[in-house]
Amino acid sequence: MKKLVLIDGHALVHRAFHALPPLATSSGVPTNAIFGFMSVLIKMIKDVRPEYIAAAFDLAGPTFRHEEFAEYKSHRVKAPDELHAQVPYIKELLTAFGVPIFEKAGFEADDVIGALTEQAKEHKDVQTIIMTGDLDTLQLVEGKKVVVWTLRKGVTDTMTYDESEVEKRYGLSPEQLVDFKGLKGDPSDNIPGVPGIGEKTASALIKEFGSLDDLYRTLEKKGKKPKILTEKLSQKLIENKDQAFFSKKLATIIRDVDINFSLVDAQWRTHLDRSKLEGMLKDLALYSTVKRLGEIEETSAQTGSPAQPATLFEAAVPSTLIADEREILAHLRALKKAREIVFDITQEVIVIAAISENAIAFSEMAAADSAIAAVLTEILTDPSITKTVYDTKAIVRWGLKHGCMPVGFAFDVKLAAYVLNSDTRDYALERLYFTEFNQDVSGGFAARADQLAKLAQRYRERLKNLQMAPVLMDIELPLSPVLARMEALGILVDEKIAAGLGTKIAAEISILETQIHDMAGSAFNINSPQQLSGILFDTLGLRGKVKKTGKGAKSTAAGELEKLVDEHPIVALILKYRELQKLKTTYIDPLPSLIDPADHRIHTTYNQTGATTGRLSSQDPNLQNIPIRTELGQEFRKAFVARPGWKLVSCDYSQLELRIAAHISGDKEMTEAFQRGEDIHTRTAADVFRVKPELVTKEMRRQAKVLNFGV
């Protein structure tokens with residue numbers, strides 16, 4: 001069967017940009033996304049060997065989903081200019097590659113891919129492979145006729161989803177995924193779903209009833225309901241029926257977009273302009289990518305990979321995983337005698353080696369064997385064996401899962417890279433190695449040991465020359481095991497408080513809806529920019545100067561609505577409604593699905609290399625952006641509690657920067673205020689607003705704080 005690959009352009013550009021460190025030409029053109037995109041494209045062509053390729057991209061401007069629902073993807077941070085600047089280059093490279101590009105105003109790339117997939121089904125001898133960086137297109141999977149080829153981690157680890165793989169992952173068929181999202185929602189796109197319904201409940205309901213339609217048909221029938229439909233759950237579903245079907249609509253990929261597509265145009269080898277492609281890549285200083293173009297030639301004389309530096313290990317580094325238990329144990333027992341080892345856990349694979357010895361790699365599943373786990377534990381807990389690693393925290397997490405606390409960490413390549421360049425966006429070993437040696441990683445999992453050792457050797461020298469080794473050895477490296485233990489312990493959540501807050505915020509939103517509809521004189525979808533614009537500017541006749549959208553309608557974005565606050569009281573209510581809706585969909589609704597039912601705790605990941613300032617960040621979920629200024633935000637924070645007999649303690653420096661400023665400047669009044677133990681922000685507010693300190697309000701103090709730190 002011939003193969004057609006449909007590239008989800010922007011999804012892959014975003015993945016490549018965030019997976020790779022900043023790269024640029026001598027003239028300052030950013031190239032990390034270009035390099036990553038081309039690497040993935042070449043890998044796909046080598047693995048899949050397609051006869052046809054086409055690409056779909058998003059166009060700037062709102063889609064029909066944004067017009068239907070103002071909050072659609074509204075929480076996403078605007079992509080940096082360095083990313084946008086690389087898209088035209090990628091499109092030009094695709095054209096030189098012989099790949100046609102499809103776009104449609106008002107639709108997302110997923111919709112264009114949906115339409116191309118439908119047209120391709122007319123060709124019975126063609127399999128469609130959707131190449132993407134996310135899983136939104138899984139709903140298009142159909143047997144083995146339409147599959148999804150996607151990235152799991154970085155830009156090298158890939159996975160193909162056919163219908164059986166989708167069912168294995170979700171327990172649902174591909175066409176049921178939109179019904180599933182109708183109930184669960186999709187936080188990544190800000191699709192609300194039904195409040196309080198998480199992944200497990202949504203999956204169980206769709207498995208039981210088959211579809212959203214059949215679920216609601218059962219709910220609305222009189223008589224006894226299936227056991228799964230408890231009274232509380234039924235009430236929740238009935239109250240949010242419209243929102244469930246609206247969420248399904250938002251999640252559904254449109255398949256009938258008007259696209260003129262021909263397989264002949266997608267015969268990329270016929271249209272490939274090799275000389276133009278090479279010229280463009282050389283202009284962008286992507287010489288290693290030029291070399292890799294030889295890998296996609298269909299002739300038997302393929303261009304080889306670039307030569308790698310000599311290995312640090314005496315024996316050849318195997319590229320495959322060892323599966324035999326006796327062989328693994330023999331290697332590990334020999335490694336117990338080593339005084340210096342390289343150790344890594346990546347993508348569920350364990351890599352371990354001693355300098356000047358063989359490197360071995362085996363699956364983490366193999367390490368579940370009690371004999372193998374016992375020897376590994378002995379190695380990890382032996383302080384006399386010094387360990388050079390890629391990610392201390394990942395190794396400690398493995399140890400904690402197996403009842404031990406690893407020790408003897410001598411060097412961490414990932415943390416060293418962070419100390420040397422904290423502006424880097426991603427610290428994947430492949431990226432670090434390429435940046436340092438200008439060569440692609442090759443040789444399989446066990447080759448990581450060699451690459452780790454080489455990077456450690458290079459980074460040690462640079463840290464020593466820059467006198468930065470103490471930052472790594474005395475601060476960052478000792479912190480990693482502490483963070484691993486924090487992640488394993490998790491944060492306790494009072495689910496009753498969280499549930500009560502969900503009920504409270506839903507009630508407040510309902511009251512606001514009623515008030516807004518009363519003021520408007522009719523019911524309408526407040527989340528629809530089109531309907532809201534009609535109410536404000538046509539029905540109520542507001543005349544304030546606001547910007548227009550790309551389609552000529554007056555904008556209802558938050559910044560524009562703030563200009564109209566004094567014209568009509570409905571505007572303030574709409575802004576408050578949106579604030580509560582965002583709090584609900586972004587923080588409160590997803591909370592139940594994030595709590596581990598075994599210990600009622602949230603196990604976030606503390607990212608030690610996430611901020612150039614040296615601060616920690618957290619992800620999956622992000623616990624550092626929970627709002628505090630609103631009353632409901634403060635209430636939400638109360639859901640995070642200590643276990644009985646324990647306390648949560650909040651510690652902070654007391655206005656440290658301003659104390660330093662007082663010391664350096666020698667300002668007498670400021671210094672005396674600190675010496676008397678006064679709150680410097682309250683003191684500033686009292687002076688600025690000319691009131692006594694005891695009459696300073698929270699808002700006055702907040703403004704004074706902005707002023708103090710601004711100065």
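Residue count for segment 26-47 satisfying the condition of being of a type outside the set (D, E, K, R), touching a residue at least 12 places away in the same chain (Cβ under 8 Å) and open to solvent by 20 Å² or more (accessible area, probe 1.4 Å): 3. Looking only at residues of segment 509-528 that are more than 12 Å from Val571 (Cα to Cα) and touching a helix residue (DSSP H, G or I) at 6+ places or on another chain (Cβ under 6 Å), we find that the one that is most open to solvent (accessible area, probe 1.4 Å) is Ala523. Checked against (1) open to solvent by 30 Å² or more (accessible area, probe 1.4 Å); (2) over 30 Å from Asp423 (Cα atoms), Ala686 meets all criteria but (1). The residue that is modelled with the highest pLDDT, counting only those in segment 269-309 that are among the β-branched types (Val, Ile, Thr) and within 20 Å of Val5 (Cβ to Cβ), is Thr270. Here the condition is being closer than 29 Å to Arg397 by Cα and at pLDDT below 90; of Arg448, Arg485, Arg458, it holds for Arg448 alone.
Residues that are open to solvent by 70 Å² or more (accessible area, probe 1.4 Å), of a type in the set (Gly, Ala, Ser), modelled with pLDDT of 90 or more and over 27 Å from Val419 (Cα atoms) occur at least once in segment 663-682.
Screening the candidates Ile385, Ile352 for the property of being under 30 Å from Gly36 (Cα atoms) and touching a strand residue (DSSP E or B) at 6+ places or on another chain (Cβ under 7 Å) yields one hit, Ile352.
Does Thr585 satisfy being open to solvent by less than 20 Å² (accessible area, probe 1.4 Å) and touching a Gly at 6+ places or on another chain (Cβ under 9 Å)? Taking the combined requirement at face value, the residue satisfies it. Just to verify a result, which residue in segment 145-160, among those that are at pLDDT 90 or above and either among the aliphatic types (A, V, I, L, M) or farther than 30 Å from Tyr433 by Cα (or both), is surrounded by the fewest Cβ atoms within 10 Å (Cβ to Cβ)? If we take residues in segment 145-160 being at pLDDT 90 or above and either among the aliphatic types (A, V, I, L, M) or farther than 30 Å from Tyr433 by Cα (or both), then Lys145 is surrounded by the fewest Cβ atoms within 10 Å (Cβ to Cβ).
Please indicate, with yes or no, whether at least one residue in segment 617-627 is modelled with pLDDT under 85, closer than 16 Å to Gly198 by Cβ, open to solvent by 60 Å² or more (accessible area, probe 1.4 Å) and among the charged types (D, E, K, R). The answer is yes, given that some residue of segment 617-627 is modelled with pLDDT under 85, closer than 16 Å to Gly198 by Cβ, open to solvent by 60 Å² or more (accessible area, probe 1.4 Å) and among the charged types (D, E, K, R). Only residues that are of a type outside the set (Gly, Ala, Ser) and modelled with pLDDT under 90 were counted across segment 1-29, and they come to 12.
Suppose the filter is within 27 Å of Leu4 (Cα to Cα), touching a Gly at 6+ places or on another chain (Cβ under 8 Å), buried (at least 18 other Cβ atoms within 10 Å of the Cβ) and of a type in the set (Gly, Ala, Ser); does Ala266 pass it? Judged against the criteria, Ala266 is not a match.
So which residues in segment 34-82 are in contact with a His (Cβ under 7 Å, 6 or more places away or on another chain) and either modelled with pLDDT of 75 or more or in a helix (DSSP H, G or I) (or both), if there are any at all? Of everything in segment 34-82, those that are in contact with a His (Cβ under 7 Å, 6 or more places away or on another chain) and either modelled with pLDDT of 75 or more or in a helix (DSSP H, G or I) (or both) turn out to be Phe57, Asp58.
Evaluate the following for Ser188: is it open to solvent by 20 Å² or more (accessible area, probe 1.4 Å) and either of a type in the set (Lys, Arg) or farther than 21 Å from Leu594 by Cα (or both)? Give the derivation first.
On the way: open to solvent by 20 Å² or more (accessible area, probe 1.4 Å): yes; either of a type in the set (Lys, Arg) or farther than 21 Å from Leu594 by Cα (or both): no.
Taking the combined requirement at face value, the residue does not satisfy it.
Taken together, Lys181, Lys91, Lys168 contain a single residue that is within 26 Å of the chain's Cα centre (by Cα), crowded, with 19+ Cβ neighbours inside 10 Å, among the charged types (D, E, K, R) and assigned to a helix (DSSP H, G or I), which is Lys181. Looking across segment 198-250 at every residue that is β-branched (Val, Ile, Thr) and assigned to a loop (DSSP other than H, G, I, E, B), the one that is modelled with the lowest pLDDT is identified as Thr230.
The values are calculated or read from the model by the stated rules, or taken from the named source; none is laboratory data. Note that this is a predicted model, so its numbers are computed, not measured. Ideal geometry is used to build each Cβ from the backbone, glycine not excepted, and the neighbour counts take in all protein chains shown. When the accessible area is computed, the model is the full protein with side chains, heavy atoms only, and any ligands, DNA or RNA have been set aside. Shrake-Rupley method; radii C 1.70, N 1.55, O 1.52, S 1.80 Å.
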